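Let me begin by presenting the structure, written as structure tokens, before commenting on it.
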Amino acid sequence: MFAVKGWTAEQVPDQSGKTIVITGANSGIGFETARVLAERGARLIMAVRRLDAGEEAAAAIRSENPPAEVIVVECDLASLTSIERFAGRIADTLGPVDVLINNAGIMAVPYGTTVDGHERQFGTNHLGHFALTGRLLPQVLESENARIVTVSSDAHRYGRIDPDSLNGDRYRRWGAYGRSKLANLLFAYELDRKARSAHASLISVACHPGYAATNLQGRAAREQGKSERIWRVGHLLAQSAADGALPTLRAATDPVAEGGSYYGPARWQRGPAVVARSSGRSHNTETSKRLWEVSEQLTGVRFRF
């Protein structure tokens, strides 16, 4: 079923003529993903919360590959208004979207809420990407072979979701993170089922990066008031951000990828990208359908295939 195993960046095919939107592309795995895609000829739309950081990352990509077409657009996933504004700009000026990579995220931060009053990790990691995908769906469906990639985490395995009581439990940082990452997978799989039912020219694919050395862990440590020394020691055991991007790159570009696939590192948390297995909870269709309904209610976004 899958012709290629153990992907590395060298196996990413030519992306000329494709428009790819990626969130959180200014650092870490998002930046490494964007760098390779630009090198392969894609037109990149970098959806970022901070324009200065996005422009700096875009300049770094262009310095390596001067012909690269990289466009930086503000998009704060913790604000439904910002997401709507971003999608409107794409619709007005940039045309069809061939690939959307839902990559950005926050991890294990202290309790807080988004602009719209949702728990911050769930609101940013899941609801933000849910709304963005729904808002961009008309442009995605204009592509003949569209693909939506959602980046989850192996932390989804300890996530628990009750769609009817999303704010009912005492807040625990890592539990909330796991919940948001489980929501990412439930969303990705349900999106693929809905696309197939609608006979849309779209597949939804998911992935996880394993343990990669990025600044996500450092931000989490700072927000928890912990020493960054522990984080830096952990980085000695981690793979690089470039290697952590391999599952995302495969999910976004493997020409034989099938909808509903899930990619991860070959050796649990490290190594080239292979087909992975997610938890049984991530395949619970009853939960995914109910989560979808609640996500529509909380975001005000409906998917129209």
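Values in this text are rule-based calculations from the coordinates and carry no lab data. As the structure is a prediction and not an experimental result, all values here were calculated from the model. Backbone-built Cβ (ideal geometry, glycine too); neighbour counts: all protein chains shown.
Most simply put, the chain has about 20% antiparallel DSSP beta bridges, counting only bridges with both residues inside it.
Under a model in which nothing but the beta-carbon of Lys, Arg (+1) and Asp, Glu (-1) is charged, segment 1-114 shows a dipole of about 200 debye around its Cα centre. Under the convention that each Lys and Arg Cβ holds +1 and each Asp and Glu Cβ holds -1, the size of the dipole of the chain around its Cα centre is about 940 debye. Structure remark: mean-square fluctuation, Gaussian network model of the chain, C-alpha springs under 10 Å; the largest value among Gly17, Gly128, Gly54 belongs to Gly17.
Helices meeting the span-like rule in the chain (full DSSP H runs, Cα extent of at least 27 Å along the helix axis, mean Kyte-Doolittle score of 0.0 or higher) are absent.
Going by how many other Cβ atoms sit within 10 Å of their own, how do Leu291, Leu246 line up, fewest first?
Ascending Cβ contact count within 10 Å gives the list Leu291, Leu246.
Simple point charges give the picture: +1 on the Cβ of Lys and Arg, -1 on the Cβ of Asp and Glu, and for segment 1-60 a dipole about the Cα centre of about 220 debye. Only Cα pairs under 8 Å and 6+ residues apart enter the sum, and on that basis the relative contact order of the chain stands at 20 percent.
Helical runs assigned H by DSSP (4 residues or longer) give the chain a calculated mean residue ellipticity at 222 nm of -12500 deg cm²/dmol, each run adding -39500 (n - 2.57) before division by the residue total.
Taking amide H positions as modeled 1.01 Å from N, with prolines and chain starts lacking one, the residues under 5 Å from Ile203 and 5 or more places away or on another chain are Ala146, Arg147, Ile148. Among Asp169, Asp254, Asp14, the order by Cβ neighbours within 10 angstrom, fewest to most, reads Asp14, Asp169, Asp254.
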